[in-house]
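Scroll down for the structure; my scribbles are underneath it.
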Amino acid sequence: MPALTISSDSFLLHDEPFRIISGAMHYFRIHPDQWADRLRKARLMGLNTVETYLPWNLHQPDPEGPLVLDGILDLPRYLELAKAEGLHVLLRPGPYICAEWDGGGLPSWLTTDPDIRLRTSDPRFTDAVDRYLDLLLPPLLPHMAASGGPVIAVQVENEYGAYGGDTAYLHHMERALRSRGVEELLFTCDQVNPEHLAAGSLPGVLATGTFGGRIDRSLATLRAHQSEGPLMCAEFWIGWFDHWGEPHHVRDAADAAADLDRLLAAGASVNIYMFHGGTNFGFTSGANHDHAYTPIVTSYDYDAPLTESGDPGPKYHAFREVIARYAQVPDELVPAPAPKLPPTTVVLDQRASLLPHVNLQDAPVRTDDPVTMETLGARSGYVLYRTTIPDEGEGLLHFTGGVGDRAQVFLDSAPVGVLEREHHEELLPVRVPRPGATLEVLVENMGGVNYGPRIGASKGLLGPVTFNGTALRGWDCHPLMLSDLRAVSFTAADGAAPTAGPAFHRGTFEVDAAADTFLSLPGWSKGQAWVNGFHLGRYWNRGPQRTLYVPAPVLRGGANELVLLELHGTTTGRADLTETPDLGLTKA
């Protein structure tokens, strides 16, 4: 029997009235050694529940391979820790999650099928979802409340009313969960307008809303759609995410707390989105595409009550005070900010040029015309395309179809320009120095679109390339997923000298005791960063984000290693580890 049920106007937990006071916290955005700390801080703020999405694309990176449930993806362990902390869990398995996550969580091996109708009852999609659930649910069922675990409710799809209206697909998802042993309460969530709620809801499944303000109106719209049952805001937006090149978004703590008070005063349940945002480590950031493609930054701080580094912020204290008016809040002391590493300078005195390094990797894929990243089997990272131009002189390179998402163009290893998808760029005037000059195009996947009809849009070079109207044929295509940097052959370099061109840079630094820190890169342009092999994510002087979070568990006492892949050049060979983050100029 499910532990959580509903009455005409409220939740019942084991037949007793219960209000869900939850916060979103995605295990896959938090170093696993910090899960217990973040869950404890959730309880101390007054939450009785935490919520998390599940990223299909990370759990099943290969359609024929096993399910990945270790390290930062060890969801069973996360659920055990939540239970140990006395917290319930809302599980949101997708298959689509949005979440400003690469591809909205849909795996690239699925979205590359040009004929598939995503998030519909198309058997090509539902069969793939069913295979995933066949792998996913058996290890999760012991953690359901029916088996004594912390999971009290499971979401059916995610904000489906904003995407489609295939009710047969929603019924399929409901049956897929039930037939595989999920007994717990099922719910849907949609933005609170009548059209979205109608398209995204199912009879017999609790409908919940997503909104960040206009509390009374939003709850009234939800009640007009669903005349009975508890009212719940399944995503109470108390901050927002950032795109590269935009200001950093914040929301006043007092304003957010006042709206939380209105929600709880109305008797509604709530899931605060986000309680703790965490970080888009590695290549996991998503993107939006409305009028233009806009990639999302590495930080997912979200101006949440618990900062990206897990420290209580202004909203933490304000929300705790509000929650205490409606529920019992632990009388334990609110935790202080975690210690930070003392300011440290890292000299990067070893280098390896990227373009020659590519020649040492696996043999390239040889094609007549350039092919997309997905065709090459690359899920993320970069692709280096090489060919020759038979003619010399001035002319126009035309990248028909554009690039996905950012291309650096070189002639005989000299940079000649950059093309960006967000600016709809396809043309580049160049001067070819000699017949047979080598054309190299380094294309960066900046993140898969996570919302709307452009999910699954291809990456890499998206069509043939011409020079003065003549197609360039015979391409060597080198995928660079950068999952293992041990093959990079570094040589000594002047750690103070400026350098130009794509290159790996390496340096070491000493740490007495591991602690959180923030990587600051003044003088650097754009690239990726790793500490002790842990991929922190993307940096870019475009901002707003100016530092990358380095979790304490990534460091170790003694010698540590910093590696940067700098794509353009740097005026310095130094990097700084600082005590405070810099997420950029703010926009309220």
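The values are calculated or read from the model by the stated rules, or taken from the named source; none is laboratory data. Because the structure is a prediction, the values reported are computed rather than measured. So basically every Cβ, Gly included, is an ideal-geometry build from the backbone, and we count neighbours across all protein chains shown.
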Legend entry - Lone unmet requirement of (1) over 30 Å from LEU106 (Cβ atoms); (2) out of contact with any Asp or Glu (no Cβ under 7 Å at 6 or more places or on another chain) for PHE467: (2)
Legend entry - Residues of region 467-487 satisfying the condition of being closer than 25 Å to GLY527 by Cα and assigned to a loop (DSSP other than H, G, I, E, B): MET481, LEU482, SER483, ASP484, LEU485, ARG486, ALA487
Legend entry - Residues within region 117-145 that are surrounded by fewer than 16 Cβ atoms within 10 Å (Cβ to Cβ), within 24 Å of the chain's Cα centre (by Cα) and farther than 30 Å from MET1 by Cβ, tallied: 1
Inset, instruction - Output the number of residues of region 75-107 satisfying the condition of being among the small types (Gly, Ala, Ser), part of a helix (DSSP H, G or I) and either within 30 Å of GLY46 (Cβ to Cβ) or at pLDDT below 95 (or both). - result: 3
Legend entry - Of all residues in region 59-74 being assigned to a helix (DSSP H, G or I) and aliphatic (A, V, I, L, M), the one that is nearest to VAL151 (Cα to Cα): LEU73
Legend entry - Qualifying position, being small (Gly, Ala, Ser) and closer than 14 Å to GLY267 by Cβ, among GLY209, GLY229: GLY229
Inset, instruction - Check ARG92, ARG38, ARG19 and return the single one that is within 19 Å of the chain's Cα centre (by Cα) and either under 24 Å from GLN226 (Cβ atoms) or outside the structural domain of VAL205 (by TED's automatic domain parsing) (or both). - result: ARG92
Legend entry - Unique residue being in the same structural domain as GLY395 (by TED's automatic domain parsing) and at pLDDT below 95 when the list is GLY452, GLY448, GLY463: GLY452
Legend entry - Residue, nearest to the chain's Cα centre (by Cα), within region 41-58, restricted to residues that are over 17 Å from THR279 (Cβ atoms) and in a loop (DSSP other than H, G, I, E, B): LEU54
Legend entry - Output for region 166-215, where each listed residue is closer than 20 Å to LEU12 by Cβ and among the aliphatic types (A, V, I, L, M): VAL182, LEU185, LEU186, VAL205, LEU206, ALA207
Legend entry - Condition check for ILE238: within 30 Å of GLU425 (Cβ to Cβ) and either among the aliphatic types (A, V, I, L, M) or free of Cβ contacts under 8 Å to residues at least 12 places away in the same chain (or both): no
Inset, instruction - Return yes when ILE97 is within 22 Å of GLU174 (Cα to Cα), of a type in the set (A, V, I, L, M) and out of contact with any Pro (no Cβ under 9 Å at 6 or more places or on another chain) and no when it is not. - result: no
Inset, instruction - Could you please find all residues in region 83-116 being among the basic types (Lys, Arg) and over 19 Å from ALA176 (Cβ atoms)? - result: LYS83
Legend entry - Residue check, ALA253 within 30 Å of LEU81 (Cα to Cα) and surrounded by 21 or more Cβ atoms within 10 Å (Cβ to Cβ): no
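A quick yes/no check of all residues on (1) farther than 30 Å from TYR382 by Cβ; (2) more than 16 Å from the chain's Cα centre (by Cα); (3) crowded, with 23+ Cβ neighbours inside 10 Å:
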| residue | (1), (2), (3) |
| --- | --- |
| ARG223 | yes, yes, no |
| MET232 | yes, yes, yes |
| GLY245 | no, yes, no |
| ALA258 | yes, yes, no |
Inset, instruction - Return the residue satisfying two criteria in turn: it lies in region 447-488 and is surrounded by 17 or more Cβ atoms within 10 Å (Cβ to Cβ) and of a type in the set (Ser, Thr, Tyr), and of such residues it is nearest to TRP244 (Cα to Cα). - result: TYR451
Legend entry - Selection within region 285-300 - farther than 18 Å from VAL250 by Cα, of a type in the set (Ser, Thr, Tyr) and either under 8 Å from the mean Cα position of the chain (by Cα) or surrounded by 24 or more Cβ atoms within 10 Å (Cβ to Cβ) (or both): SER285
Inset, instruction - Please work out which residue is surrounded by the fewest Cβ atoms within 10 Å (Cβ to Cβ), limiting yourself to region 206-221 and to residues that are over 18 Å from ARG19 (Cα atoms) and touching a strand residue (DSSP E or B) at 6+ places or on another chain (Cβ under 7 Å). - result: GLY212
Legend entry - Count of region 302-315 residues which are more than 17 Å from TYR27 (Cβ to Cβ) and in a loop (DSSP other than H, G, I, E, B): 5
Legend entry - Every residue from region 146-186 that is assigned to a loop (DSSP other than H, G, I, E, B), surrounded by fewer than 20 Cβ atoms within 10 Å (Cβ to Cβ) and either under 25 Å from the mean Cα position of the chain (by Cα) or acidic (Asp, Glu) (or both): GLY164, ASP166, GLU183
Legend entry - Filter result for the condition that a residue is modelled with pLDDT of 95 or more, farther than 27 Å from ARG542 by Cα and not polar (S, T, N, Q), over ASP242, ASP252, ASP259: ASP259
